[in-house]
Amino acid sequence: MKTVLLLCIALLSGSCLAQQVSTEANIRSGSVCVLPNSPEPPIRISPGGEYNPATLMVRVDKRESIRWPHKKPFVIDGLSLEDSHMVVLTSDGKRIQSFRFKFSEYHDEKLCISYDGYQGVQLGNRTNALWCKAQSRHCWQ
């Protein structure tokens, strides 16, 4: 009787553990590290790339806009790995650039984003974008 009871407890524990692992896998989310840019106005810009670093803002999906950092990077986390995300950059209250992305396109759940008026927005993962790989240790420790 004790053997049967212990076997039942062991099976139930394993089942609960499997459900917990499955639930944790479903909760996984992605994050984007916003890398700092210069607080000085850019010297070189592409057509349409003019912006004011003091008012540069980034917004992902319907979240609140956040002022672009100039000293330390910050991380936008809790983003769905399956959904498409909309990134909008504004400066002086005007939209200057926007784009959509999915984490599956980058094969990583941790991405970096940078911006300057010359190259525009860059979004990359820690494997293919060396600039992201070099800076990612400041974002995720």
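Annotations
- Cross-link reach list, aspartates and glutamates versus Lys71, counting only Cα pairs under 15 Å and skipping chain neighbours closer than eight places: Glu40, Asp116
- Most positive-pole-ward Cα, Tyr51, Tyr106, Ala129, against dipole of segment 28-138 from beta carbon charges: Ala129
- Straight-distance candidates among the lysines for linking to Lys94, with alpha-carbon spacing under 22 Å and chain neighbours fewer than 8 residues away dropped: Lys62.
- Mean separation of Cα contacts under 8 Å, 6 or more apart, over the residue count of segment 28-138: relative contact order %: 32 percent
Read the figures in this text as sums done on the coordinates, not as results from a lab. All of these numbers come straight from a predicted model, not from anything done at the bench. Methodologically, a virtual Cβ is constructed for each residue, glycine included, from the backbone with ideal geometry; neighbour enumeration extends over all protein chains shown.
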